[in-house]
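Quick notes on the structure that follows.
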């Protein structure tokens, strides 16, 4: 085993030198999952920051198909890396705090063994003889690197797209070697659409007359036309339609560089031509085939149960993020992962980041204020450290659109009393996690929140809570029957369109359900409508009729009837006068402005 | 000029014979818009049905990029056509009723002059010498065909995708030669994303070593690899992600035919390979380049004003349809056309058809019950014929989710009285067009409806009304200031989330606005809440609190105050007791269950 500074060599024909890269050689033979083997494997990697004395601050970054070990600049004179926005001092993956390792992947062409490496058995590049590899093989090589570096347990494994597939493979193969798992913009397997694009791209390379069955290294030119076509297709799929319009609508007929013939009629033609050419200079066609194939063969299954079984051994906490305009790895695929992890009670935080940047969003600065902040908050809460409450949020009630509160939440005290310690709780419309934080301090576990507001989700993550971004109107299908001891819906039912569905779902998912809501039968409301003929307002219903987030108005009597009609068991019924700060025991429907019901089926 | 049965010949190398096609030759030279010219032009076309004695039942069908003159079978033994689902006896484009003409387009390879036709000046196929053509040139040739057939005025011009571009060009060049214009799944110009895919496809052909600069006809093989790649890319873009998943997720690893090497690992690989091969057999690569280029050069502008100016001379009635899952020609592009036409007061009906089939939806049977029915209803109402009320709908109140009525609409009588004859009216949430039909009979014009329910829109079309599918919560940006004498929002405001926006928009768009709503201050409501402590219900609020489409509850007093705060002028205020069927003149906020306000800014 050797460990030396990496230099550009014959084995990396298409790559420029990476100044700060290191290389290690693992003698083989190394067996591969699809049956092949490699006599030796070189791994090129870069590191940032320092491993601390407890050796618990190492983060492995897994790059996507066209990335490499250079995820960030090492010093001001260094070239920027592919994830410059996220990795560095003070950045979301803070190299002042964490020891970051970023290796080039097996099958690539930037220093780790791939099709353009010299096969020691023949003295020539592998070319088409390079064996079929899988995401698992890529991860296995990186596991060898971690052993070599003496890192037994990673703080986190992070990666987007195909890098996300590697994160998933890590969790399956080495379920106890990372505290946190952060797959971004990824999937249990690629969509049929993405697979189709990959196939067309590969065929363009394979059918290029300069491909020569993959042994083109000695020829005067390689399959550059095919590789450029594949790259151009890929490039289109990485961008959202909106992002393309933003960049190319205004100057559609103004070519950006002197290109050839037809393409020069359209700005986007010259742009694509340039992207294709640039890629051909730095990437190897055999690597492109090898790696897209590895990605396309990655498959955790198509059902929740199948994916859940694959991930069942994982001991990691999970942060999963998707991007709303990503059509290559659409949000519903990340949600498949979330659902599968929840099916075996894994700890998961999930956010669909609102973005107009498409699949590339996780590499760009545009949405960093959300995906970066969430990643930072999640990382800071790994290792079970006591976490400071997020300074700017403490004491401030959450800003969820469903919240009707501007003052204190009297109902929390009562809800806390209703929930015994050590029970599990799902909080629907959890906002910034106020109630969950109180429950966490009391030792309730597991605790899961559901919230729609992206900022509130970041606040939850800062508090070390697990929260899922979701619209309650889409139901609770991701949770299984009786998954929680308690399901709480506090002051949110009045803002839900499909009341029957959410209540039925709660009763299915929770052994006990706690619903709190403003009582429309409250004296003040009756007076306003009954006496004054006006839409009721009060301390709890403080919006105007035309701008309220609340759309369902019902009284304690109405809700009683609702439960009776559906044979929902009402275990307890607490009526509150929040103005007086007291429980109401007489004529509740008239005297209480708020009610708390404890239900079960 | 000759007119003969079309036979397969050297000039259509890649096409199979079309049994029922006819051909006509136009002697030139014909000048083309981009500067080239053609010495003569052959046009191949097929016809269905008979031209009636008044010569007012001719429909021109414009095909999309890979189509041809054979849109439907001529008899049971004939091959099915590309629009078999829509064209034929009893079908939406009913050949028992209409005389249908479907010509192959200029630049194609199925009988109309194109790059693979013999250039009479050289005796060889045009190949790369075929001049650049535009959509306007394609239309010009079809105009010559209409003259040849003696058809001065078409009942309608219909086409989807690139066929829709032809419909638009017809409306610009010959604004008085068609009564109806029906562009489907089309756009003012292609998106940057679609343009990018086209460019990659063209480049695959141009870079194919067998392309030989376009003069490959004499060679042993043409640019089949490049054309197959272009077709495969195109094919992916015609399908929605959902449709691909439906077809290829379950059997991902089961190849559908014995294909080559890698592709055979995935079912979708064999499918794409098959699509590519099939296309190469029947289509000419030069035609593909010529036609995609014509489509990419089609450009009505990027602003509403620009597009409006281009379409301003049109005298046609318009039916525009988009398909919700079409990402190649997304619905917002059809809406750009709608908005531009409305800007110059054209008559337009628009529907975004809910579909999971992507761009191909307009060719498939899946959504025919809506796009076909709407087209049929629209066609039946062209030529200003007296139209029978739709049988199945007469007397039945519309099923719009915003309707709260199960019986009669008392407010209609009053609203009719408030609207003078001969004024223009926009009816928001118009349902099946009951009020608009009454206004139409009275002679009000123009009349436009807005509705979200697809079925209700078909009902409107059957009544000969112009209606736009739109969610009122997205506002009225497509209408200009004071575009209508009256804007009506009858019994819908209580179901609108953004009340302030819709009211402001109405006041901007209409000189007078009429709003009718259930009065929450009605005695019965007050009793239910004030005395019984329950969510009010009554004849007009007959839903339960948990399943009502109504989300805004307000009284006459509330709405008075709302108007006063915004300095909205209230011209008239009618209070009704719908139970008694009478107007209320005393203590309206207590005694009326419904109110009608007439407003202006």
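Measuring between their Cα centroids, the stretch B:51-67 and the stretch B:130-148 lie 15 Å from each other. Rounded to the nearest 0.05, the FRET efficiency derived from the C-beta distance between residue B:152 and residue A:531 at R0 = 51 Å is 0.10.
Inter-copy label distances at residue A:152, shortest first and taken from points set 7 Å along Cα to Cβ: 9.6 nm.
With both labels modelled 7 Å from their Cα along Cα-to-Cβ, the residue B:570 to residue B:282 distance reads 6.6 nm.
At q = 0.15, 0.16 Å⁻¹ the log10 of I(q)/I(0) for the stretch B:37-111 amounts to -0.52, -0.58, computed by Debye summation with a single uniform scatterer per C-alpha, solvent ignored. Using Cα atoms only, what is the angle between the long axis of helix A:162-173 and the major principal axis of chain A, expressed in degrees (0 to 90) to the nearest 10? Result, in degrees: 80. In terms of other Cβ atoms within 10 Å, B:96, B:77 run from fewest to most in the order B:77, B:96.
Normalised by 2.2 N^0.38 Å, with N the number of residues, the alpha-carbon radius of gyration of the stretch B:106-148 equals 1.20. I'd like the orientation of helix B:267-282 relative to chain B: the angle between its Cα long axis and the longest Cα principal axis, in ° from 0 to 90, rounded to 10. It works out to around 60 degrees.
Across all directions, the average projected area of the convex hull around the alpha carbons of chain B is 30.6 nm². Per-residue ellipticity at 222 nm, computed for chain B from helices alone with -39500 (n - 2.57) per DSSP H run of at least four residues, works out to -9000 deg cm²/dmol.
Label-point spacing for residue A:209 across the identical copies (point 7 Å from Cα in the Cβ direction), in nm and ascending order: 0.4.
For chain A, the longest principal axis of the C-alpha atoms and the axis of helix A:224-238 are separated by about 10°. Counting every other Cβ atom within 10 Å of each residue's Cβ, B:45, B:543, B:98 order from fewest to most as B:543, B:98, B:45.
Projecting 7 Å from Cα along the Cα-to-Cβ direction, the label point of residue B:121 sits 6.3 nm from its equivalents in the other copies, listed shortest first.
Rounded to the nearest whole angstrom, the semi-axes of the ellipsoid equivalent to the stretch A:34-181, taken from the Cα gyration tensor as √(5λ), stand at 26, 18, 13, largest first.
Scanning chain B for the beta carbon that comes closest to the axis linking it by rotation to A yields B:530, 1, distance in whole angstrom. Size descriptor for the protein assembly as shown, Kirkwood hydrodynamic radius: 33.5 Å (Cα pairs only, one decimal). The fraction of Cα-Cα pairs per 5 angstrom bin, counted from 0 for the stretch A:136-271, comes to 2, 9, 12, 13, 13, 14, 13, 11, 8, 4, 2, 0 percent, rounded to whole percents. Normalised by 2.2 N^0.38 Å, where N counts its residues, the alpha-carbon radius of gyration of the stretch A:391-600 equals 0.97. Centre-to-centre separation between the Cα atoms of the stretch B:205-251 and those of the stretch B:479-540: 55 Å. Hydrodynamic radius of the stretch A:442-485 by the Kirkwood approach over all distinct alpha-carbon pairs: 11.6 Å. Measuring r between the beta carbons of residue A:380 and residue A:586 and using R0 = 56 Å, the FRET efficiency lands at 0.70.
As an equivalent ellipsoid, the stretch B:532-601 spans semi-axes of 23, 17, 10 angstrom, where each value is the square root of five times an eigenvalue of the C-alpha gyration tensor, largest first.
Does the stretch B:324-386 classify as rounded, prolate or oblate by the C-alpha gyration tensor (a ≥ b ≥ c root eigenvalues; a/c under 1.5 gives rounded; else a/b over b/c gives prolate, otherwise oblate)? Since a/c reaches 1.5 but b/c is at least a/b, the shape of the stretch B:324-386 is classed as oblate.
Counting other Cβ atoms within 10 Å as a rough exposure proxy, the listed residues B:279, A:517 run B:279, A:517 from fewest neighbours to most.
Please compute the average number of Cβ atoms from other chains found within 10 Å of each residue's Cβ in peptide A:183-191.
Values: counts 0, 0, 0, 0, 0, 0, 2, 1, 6.
The shielding value for this peptide is 1.
Among the residues of B:522-533, the average count of other protein chain beta-carbon atoms within 10 Å of the residue beta-carbon is 5.
Once divided by 2.2 N^0.38 Å, the Cα radius of gyration of the stretch A:198-293 becomes 1.16.
Could you give the length gained by full extension between residue B:55 and residue B:176, i.e. 0.36 nm per residue of separation minus their alpha carbon distance, to one decimal place? Extra length available between residue B:55 and residue B:176 comes to 42.0 nm. Relative contact order of the stretch A:198-293, taken over Cα pairs closer than 8 Å and 6 or more residues apart, is 29 percent.
Most simply put, chain A has about 45% antiparallel DSSP beta bridges, counting only bridges with both residues inside it. Quick check for you: which residues of the stretch B:306-340 have the amide N under 18 Å from the point 7 Å beyond the Cα of residue B:498 toward its beta carbon? Only B:332, B:335-336, B:339 pass the distance filter.
No lab work stands behind these numbers, since they all come straight from the coordinates. It should be emphasised that the depicted structure is a prediction, and the values quoted were computed from it without experimental measurement. Note that each Cβ is placed from the backbone with ideal geometry, even for glycine, and that neighbours are counted across all protein chains shown.
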